[in-house]
């Protein structure tokens, strides 16, 4: 293992969206677990913005996981998210990391879960 390999020390759950009928002809979104992945989570930027009269902070993260072949359930996609207990990281983009393609870096934004 080289010094540049990520330290996969955070246990995250990979979740995918599942549409569920709302009983009125529409649909709402639920989330289904695809399994646990071990990851390195690094903050990459943050900012504060005002929404109405409330200040809201937003954080961007780079989440690195072991690579999986395209099409496999454990390969993250931009429409999915990671969950760590009550924290949720929405995946925005996924790229292969390193010259040997052993890792994937997911660019994600932490979001709050509506009660």
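Please find, among 33, 58, the residue that is at pLDDT 95 or above, more than 20 Å from residue 6 (Cα to Cα) and either in contact with a helix residue (DSSP H, G or I) (Cβ under 7 Å, 6 or more places away or on another chain) or part of a strand (DSSP E or B) (or both).
On the way: 58 fails: at pLDDT 95 or above.
That would be 33, the only listed residue that is at pLDDT 95 or above, more than 20 Å from residue 6 (Cα to Cα) and either in contact with a helix residue (DSSP H, G or I) (Cβ under 7 Å, 6 or more places away or on another chain) or part of a strand (DSSP E or B) (or both).
Considering only segment 1-27, state which residues are at pLDDT below 85 and exposed (fewer than 10 other Cβ atoms within 10 Å of the Cβ). First the steps, then the outcome.
To start, the set of residues in segment 1-27 that are at pLDDT below 85 comprises 1-4, 21-27.
1, 2, 3, 4, 21, 22, 23, 24, 25, 26 - these are the residues of segment 1-27 that are at pLDDT below 85 and exposed (fewer than 10 other Cβ atoms within 10 Å of the Cβ).
Which ones in segment 77-94 are in a loop (DSSP other than H, G, I, E, B), at pLDDT below 95 and either under 17 Å from residue 5 (Cα atoms) or in contact with a strand residue (DSSP E or B) (Cβ under 7 Å, 6 or more places away or on another chain) (or both)? Can you show your working first?
Of the residues in segment 77-94, the ones in a loop (DSSP other than H, G, I, E, B) are 77-80, 85-86.
Now narrow it down to the ones that are at pLDDT below 95: 79, 85-86.
Passing the criteria: only 79.
Scan 105, 97, 64 and give me the residue that is in contact with a strand residue (DSSP E or B) (Cβ under 9 Å, 6 or more places away or on another chain), at pLDDT below 90, surrounded by 12 or more Cβ atoms within 10 Å (Cβ to Cβ) and under 21 Å from residue 4 (Cβ atoms).
97
The values are calculated or read from the model by the stated rules, or taken from the named source; none is laboratory data. Computed from a predicted model, the values in this text were never measured in an experiment. Quick reminder, even Gly has a Cβ in these numbers, built from the backbone with ideal geometry, and neighbours come from all protein chains shown.
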